[in-house]
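The values are calculated or read from the model by the stated rules, or taken from the named source; none is laboratory data. Since the model is a prediction, treat every value here as computed from it, not as a measurement. Cβ placement follows ideal geometry from the backbone for every residue including glycine, while neighbour counts extend to all protein chains displayed.
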Amino acid sequence: MFKHLNAVSGDPLLALIVAHQQDPNPKKIDLGVGVYKDDNGHTPILNTVKKAEAILLEQEESKSYLGIYGAAAFEPIIQDLLFGEGHALLSSGRIRSTQTPGGTGALKVAADFISANLKGARLWVSDPTWGNHKSIFDSAGVEVINYPYYDPATNGLRFDDMMAKLEAEVNEGDVLLVHACCHNPTGIDLQLEHWKVLTEFVKAKGLLPLVDAAYQGFGDGLDEDLAGLRHMAENVDNMLIANSFSKNFGIYRERCGGLSIMAESADEANAAFSIVGQAIRANYSMPPSHGAAVVHTIMTSPELKAEWKEEVAQMRDRINGLRAKLVAKLAASGVSKDFAFIQDQRGMFSYSGLTLEQVRTLRSEYAIYIADTGRMSIAGVSDDNIDYLCESIAKVVG
């Protein structure tokens, strides 16, 4: 039955993690894994999550199914976090939100919704983008096309080229995927002025924006990171938003995310939401409970919510502080390349500007594990390894 099947290569980033785990070098550094780590290289459970879980352990009375859309009380939690409490859009009825198994689950449901209901729509994604975007939409039969984004010559944004490509080639009804903040994998974000240009373009061309908000709070702040998303939502008729609670609540394995759909009217939003429910039913029937229950418990407690915001700020400040330290220590090491751009990037990831040859030399000779693209996870840097890392980069780069 299966004799004709050939094995396929796995995710290269996952292979990188395994290679690091098996490396006996005591100085080895993992800058590939895409999870937050503290200075001890540990992915901690937030204090607020522990407190919420204790409450749930005491109060939870059932493990029955939640229903297709998850807990009804979770819908306003998703929306308040994305738009801010009291935002006018939230009382309009134009936005409906469902709990999903992580941001990946939200994107998969969005892909199936687009494939089944927006016939001929193509998905435009940044070059580069998160490695799983293409796989998710390919699996739903949606054509995926790249638009220019990262400029290796300047380690910056190719916004003019991006707009020129879109202007020349998008069709009415196409879907434009944009990272809300902390662009994965480059760390290079659209600024508010870029969002304003994109918003007008989306309106003029009749496009459907799909915003991937996986790292809210890890850039400049919970509200600051979504300023562009909120501007666009306030000025377009339709939008899809996939968001994740994995990072800013540190609940990666609990698989908690959300998919929001915004339509021109409340009736249209409800109709679209019912169809989203069909896609959910066909995919995983209904989402898991625990992660959403934890988030709901935190967000509905004024004390826990305030403490959680502080914990997010601490993670954000650590990452941004590491960026500044990395730039300073690389400069002090005498390296010939200017790495100042790393400090301007945001989020956990950085396109380091290292070449494939340099990355592989760092891996083979210094046990420093960075993706072949040069993408490194800033959260993997620590006070204990930063000197060795910068010295090694200086030796390899020259």
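Values for this structure:
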{"read-out": "Criterion (surrounded by fewer than 18 Cβ atoms within 10 Å (Cβ to Cβ), of a type outside the set (S, T, N, Q), under 30 Å from Glu169 (Cβ atoms) and at pLDDT 95 or above) met by exactly one of Asp237, Asp267", "value": "Asp237"}
{"read-out": "Filter result for the condition that a residue is of a type outside the set (Asp, Glu), in contact with a Gly (Cβ under 9 Å, 6 or more places away or on another chain), assigned to a helix (DSSP H, G or I) and surrounded by fewer than 21 Cβ atoms within 10 Å (Cβ to Cβ), over Ala313, Ala331", "value": "Ala313"}
{"read-out": "Selection count where residues are of a type outside the set (D, E, K, R) and touching a residue at least 60 places away in the same chain (Cβ under 8 Å), scope region 302-312", "value": "3"}
{"read-out": "Residue that is at pLDDT 95 or above and either of a type in the set (D, E, K, R) or surrounded by 14 or more Cβ atoms within 10 Å (Cβ to Cβ) (or both), where the choices are Ala168, Ala213, Ala164", "value": "Ala213"}
{"read-out": "Among (1) assigned by TED's automatic domain parsing to the domain that holds Leu31; (2) assigned to a loop (DSSP other than H, G, I, E, B); (3) within 24 Å of the chain's Cα centre (by Cα); (4) of a type outside the set (A, V, I, L, M), the one test that Pro288 misses", "value": "(1)"}
{"read-out": "Residues that are surrounded by 24 or more Cβ atoms within 10 Å (Cβ to Cβ) and within 16 Å of Glu53 (Cα to Cα), drawn from region 247-264", "value": "Phe249, Cys256"}
{"read-out": "Positions within region 141-157 being of a type outside the set (Val, Ile, Thr), modelled with pLDDT of 95 or more and within 20 Å of the chain's Cα centre (by Cα), in sequence order", "value": "Asn146, Tyr147, Pro148, Tyr149, Tyr150, Leu157"}
{"read-out": "Region 334-346, subset surrounded by fewer than 18 Cβ atoms within 10 Å (Cβ to Cβ) and part of a loop (DSSP other than H, G, I, E, B), residue farthest from the chain's Cα centre (by Cα)", "value": "Gly334"}
{"read-out": "Contacts under 6 angstrom Cβ, first residue in region 252-265 being farther than 10 Å from Asn238 by Cβ, partner in a helix (DSSP H, G or I) and among the β-branched types (Val, Ile, Thr), 6 or more apart", "value": "Gly258/Ile78; Leu259/Val109"}
{"read-out": "Which listed residue is in the same structural domain as Ala266 (by TED's automatic domain parsing), under 30 Å from Val381 (Cα atoms) and without any contact (Cβ under 8 Å) to a residue 12 or more places away in the chain, from Ser135, Ser126, Ser91", "value": "Ser135"}
{"read-out": "Tally of residues being of a type outside the set (D, E, K, R), part of a helix (DSSP H, G or I) and either surrounded by 15 or more Cβ atoms within 10 Å (Cβ to Cβ) or not assigned by TED's automatic domain parsing to the domain that holds Met262 (or both) across region 48-84", "value": "16"}
{"read-out": "Out of Ala106, Ala121, Ala164, sole residue that is farther than 29 Å from Met315 by Cα and part of a helix (DSSP H, G or I)", "value": "Ala164"}
